[in-house]
Amino acid sequence: MNASAVQTLVTPLTTRQGVDLGGPRNKASESVPISEISPRLAFAFIVRRLVARIFGYINYHLSVPRKVVVDRLINGLKRLEYRGYDSAGLSVDEPQGVASGTKPELFRTKGNVSELEKLTATVTEPSLEVINHIGIAHTRWATHGEPCERNSHPQSSDSNNEFVVVHNGIITNFAPLKQMLIGRGFVFESDTDTEVIVKLAKFLHDKQPTTDFRTLMVEVAHLLDGAFAIIIKSSRFPGEAVAVKRGSPLILGIKGVEGNVMHIIPSKQAVTQVTLSEDDTKTPVEYFLASDGMAIVEHTQDVVYLEDNELLHFDKQGRFEMYSLDNPVEAGLPRQIFREFKKLEVELSQIEKGDYDHYMYKEIYEQAFTVNEVMRGRLDHAGIPGVKLGGVQNRISDIKRSNRIIMIACGTSYHSAVATRGIFEELAELPVSVELASDFMDREPPIFRNDTVIFISQSGETADSLIALAYCRKFRALCLGVTNTVGSAIARNTDCGIHLNCGPEIGVASTKAYTSQIIALILLALTLGEDSISTKNRREEIMMGLRQMSDLVKSTLALDGKIKSIAERLHKNSSLLVMGRGYQYATCLEAALKIKEICYIHCEGVMSGELKHGPLALIDDALPIVFIATRDKFFSKISDGLQQVRARKGQPIVVCTEGESDEFIPKEFIKIEVPPVVDCLQAVINIIPMQLLSYHMAVLRGCNVDKPRNLAKSVTVTEK
């Protein structure tokens with residue numbers, strides 16, 4: 001069976017006429033051509049499980065000890081481990097080097113990268129200098145197949161490891177391809193979909209042995225359905241490597257020796273082209289491929305963000321070329337493209353723990369700084385009182401003309417939308433709904449062109465949110481992104497947006513991104529209400545609170561010692577309730593999420609107005625309760641709920657305003673007194689004690705704070 005015969009088994013996504021997006025039955029629900037929506041989002045519809053990260057280190061004409069190569073691969077994985085950590089692996093070339101075409105060494109293990117590091121201590125001839133070398137590595141969060149050595153990456157094509165690949169994503173048509181390959185005599189060793197990639201490459205190469213590596217991988221890519229980023233090397237093509245991106249993030253970094261590598265020159269097409277220096281066949285150069293810029297920044301800040309359906313080919317001389325798999329030139333040949341290098345907007349110091357024991361603890365304390373960063377250049381810009389959001393300013397009038405605002409997010413980002421919904425309704429005077437992205441797409445509700453949809457995501461790569469974004473774009477709604485990642489899929493594919501500027505967040509449990517999201521959304525609400533005379537005093541009150549925010553956060557962080565002592569009382573419990581209402585209901589939800597995800601304690605955020613509708617039955621003198629009872633217009637209602645809990649012998653820990661009277665908070669209750677601020681900003685202050693409480697409880701319980709079990713940082717995952 002030749003390649004064209006294989007192609008009849010599965011119609012590649014790139015050749016389809018359209019993608020069925022579903023949608024409201026009162027709207028156009030026919031298949032929509034891929035060109036009708038962003039090409040980068042066309043594949044979001046088939047994203048299912050994309051929780052892994054890949055790293056590649058390639059050196060040409062540069063002498064590097066094999067042990068250093070391994071160390072760089074290991075360190076790259078450590079930078080990515082917060083996004084998946086139940087198994088890991090890497091591949092390095094045999095000591096003879098890539099030019100020999102010999103079998104590469106593979107190291108794979110269940111467990112985290114530290115386990116892999118121990119395993120690679122046995123690497124052959126560690127001190128041997130390699131001039132040209134291709135190393136690839138992977139850290140995984142199990143999707144297809146349980147965490148174990150055989151399901152870890154890299155996956156190989158056969159016992160000789162002729163083709164070796166690392167892969168982040170899912171191959172949705174792996175089952176029919178696997179069936180075909182088994183019918184042709186291939187034996188599969190793992191339960192992964194990834195193994196199909198390398199076995200398909202070997203199958204096609206065996207049938208067409210004169211095909212070059214680039215052409216071979218173009219054909220393989222066209223036969224794969226799904227969302228993925230892959231790096232593949234082969235002993236059949238010594239000294240070469242290929243990377244392909246579709247759906248999953250992939251970044252290329254380049255570094256020369258003493259700055260003597262790159263010249264970026266304009267081409268005839270008025271774009272930029274990357275070339276090596278005049279003697280480019282012998283110029284020392286290092287390439288870094290990674291799912292995340294944090295694995296690259298310590299080596300170089302010169303990067304290219306690959307777009308979907310793009311292929312990178314590295315040849316034996318150390319040069320690389322980039323191709324688009326869309327719109328082939330002729331006879332299926334890929335079209336060469338050129339891309340300008342950009343600077344990574346991440347500093348190495350931002351991804352180090354410094355003197356802190358955990359990233360989460362560091363990131364909690366960074367909030368005293370990050371609450372200002374999200375406002376920098378936006379609040380009181382150039383000394384002029386008011387709010388100016390450069391990223392959305394040109395679309396403000398369009399948003400004001402909208403019939404409604406819809407906020408779509410997942411997890412912590414969803415809670416930031418809940419926290420700000422009320423102030424949006426008050427200042428923008430528009431109906432606002434808040435949606436969980438997964439539920440939104442389960443329902444496929446009607447979306448109209450005069451809707452404004454706000455997508456909130458720390459990473460900007462959340463799969464459910466991306467699917468919802470593509471769905472809303474189908475109906476030409478105005479889409480706005482709030483993310484913390486420049487160049488992310490949401491940042492690239494929305495009409496306008498706000499960047500959080502809070503720096504990398506390494507801990508899986510989000511902290512500083514949450515408070516930055518709240519402030520960013522409040523800035524947007526202030527901008528939407530700027531023409532209203534009736535809300536002028538209200539807006540000035542909020543802006544005054546924003547100017548004080550950093551000092552208020554610092555004052556709240558000073559409660560750390562007291563909160564740690566409370567954690568010592570609570571950490572052995574198996575269940576906990578957090579209650580509040582109004583603006584603080586979001587605080588309850590977010591606090592409960594933090595306690596669940598890093599302490600492994602059942603915790604529920606309860607709207608105190610709903611106590612009599614069920615939750616009151618749980619109250620007794622044994623159940624730990626945290627009550628959020630800071631002063632705002634709902635305080636009298638909150639006090640009523642507190643008294644109901646007291647009447648059932650509940651002994652809540654109360655988060656209240658500094659100096660709160662014993663008349664409202666009985667002396668026997670433990671109080672966490674926080675500084676007051678305007679009501680819509682109080683959620684920023686009130687969540688900090690809960691972040692600290694969850695952190696200290698997790699440490700006391702011996703939990704892995706930064707990498708909680710079964711979770712990964714960027715949930716590029718949807719359920720089938």
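The values are calculated or read from the model by the stated rules, or taken from the named source; none is laboratory data. Because the structure is a prediction, the values reported are computed rather than measured. Neighbour counts are summed over all protein chains in view; Cβ atoms, including those assigned to glycine, are modelled from backbone coordinates with ideal geometry.
Could you pull out the residue among SER465, SER459 that is assigned by TED's automatic domain parsing to the domain that holds PRO445, of a type in the set (S, T, N, Q) and either assigned to a loop (DSSP other than H, G, I, E, B) or more than 12 Å from the chain's Cα centre (by Cα) (or both)? Checking each option against the conditions leaves just SER459. Against the list (1) surrounded by fewer than 18 Cβ atoms within 10 Å (Cβ to Cβ); (2) within 20 Å of GLU568 (Cα to Cα); (3) in contact with a strand residue (DSSP E or B) (Cβ under 6 Å, 6 or more places away or on another chain), the condition LEU623 fails is (3). Going by the structure shown, is ALA509 part of a helix (DSSP H, G or I) and of a type in the set (Gly, Ala, Ser)? The answer is no for ALA509. Given the structure, is THR511 among the hydroxyl-bearing types (Ser, Thr, Tyr), more than 16 Å from ILE688 (Cα to Cα) and at pLDDT 95 or above? The answer is no for THR511. Answer yes or no: is there a residue in the stretch 671-678 that is touching a strand residue (DSSP E or B) at 6+ places or on another chain (Cβ under 7 Å) and assigned to a helix (DSSP H, G or I). Within the stretch 671-678, none of the residues are touching a strand residue (DSSP E or B) at 6+ places or on another chain (Cβ under 7 Å) and assigned to a helix (DSSP H, G or I).
Restricting attention to the stretch 424-443, the residues that are under 27 Å from the mean Cα position of the chain (by Cα) and farther than 12 Å from ALA409 by Cα add up to 4.
Conditions (1) under 21 Å from LEU526 (Cα atoms); (2) in the same structural domain as ILE522 (by TED's automatic domain parsing); (3) surrounded by fewer than 24 Cβ atoms within 10 Å (Cβ to Cβ), marked per residue:
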| residue | (1), (2), (3) |
| --- | --- |
| ARG401 | yes, yes, yes |
| ILE406 | yes, yes, yes |
| GLY411 | no, yes, yes |
| ALA417 | yes, yes, no |
| THR420 | yes, yes, no |
| PHE424 | yes, yes, no |
| ILE447 | no, yes, yes |
| TYR471 | no, yes, no |
| CYS496 | yes, yes, yes |
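Selection of the stretch 354-386 for residues being farther than 22 Å from GLN548 by Cα, surrounded by 13 or more Cβ atoms within 10 Å (Cβ to Cβ) and of a type outside the set (A, V, I, L, M) yields TYR356, HIS358, TYR359, TYR361.
Taking the criterion of being closer than 25 Å to CYS502 by Cβ and of a type in the set (Gly, Ala, Ser), the residues of the stretch 459-479 that qualify are SER459, GLY460, ALA463, SER465, ALA468. Just to be sure, is ALA567 surrounded by fewer than 23 Cβ atoms within 10 Å (Cβ to Cβ) and either at positive phi or free of Cβ contacts under 8 Å to residues at least 60 places away in the same chain (or both)? No.
Listed by first and then second residue, the pairs linking a residue in the stretch 59-80 that is in contact (Cβ under 8 Å) with a residue 24 or more places away in the chain to a residue that is part of a helix (DSSP H, G or I), with Cβ atoms under 6 Å apart and 6 or more places separating them unless they lie on different chains, are VAL70/THR120; ILE74/GLU117; GLY76/ALA295; LEU77/VAL113; LYS78/VAL113; ARG79/MET294; ARG79/ALA295; LEU80/ALA295. Count of the stretch 105-129 residues, restricted to those that are more than 13 Å from LEU73 (Cβ to Cβ) and either outside any loop (DSSP other than H, G, I, E, B) or without any contact (Cβ under 8 Å) to a residue 12 or more places away in the chain (or both), is 8. Taking residues in the stretch 436-464 that are among the aromatic types (Phe, Trp, Tyr), and partners anywhere that are in a helix (DSSP H, G or I), the pairs with Cβ atoms closer than 6 Å and at least 6 places apart or on different chains are PHE440/ALA468; PHE455/SER465; PHE455/LEU469; PHE455/ILE490.
Under the condition of being in a helix (DSSP H, G or I) and not polar (S, T, N, Q), the residues counted in the stretch 572-615 number 22. Just one residue in the set GLN644, GLN682 is closer than 19 Å to ASP551 by Cα and touching a Ser or Thr at 6+ places or on another chain (Cβ under 9 Å); that residue is GLN682. Note on the stretch 512-541: residues that are in a helix (DSSP H, G or I) and not hydrophobic (A, V, I, L, M, F, W, C) amount to 12. Going residue by residue through the stretch 531-553, is there one that turns out to be among the β-branched types (Val, Ile, Thr) and outside the structural domain of TYR361 (by TED's automatic domain parsing)? Looking through the stretch 531-553, at least one residue is among the β-branched types (Val, Ile, Thr) and outside the structural domain of TYR361 (by TED's automatic domain parsing). Any residue in the stretch 330-346 that is in a loop (DSSP other than H, G, I, E, B), of a type in the set (Val, Ile, Thr), surrounded by 18 or more Cβ atoms within 10 Å (Cβ to Cβ) and at pLDDT below 90? Yes; the residues of the stretch 330-346 include at least one that is in a loop (DSSP other than H, G, I, E, B), of a type in the set (Val, Ile, Thr), surrounded by 18 or more Cβ atoms within 10 Å (Cβ to Cβ) and at pLDDT below 90.
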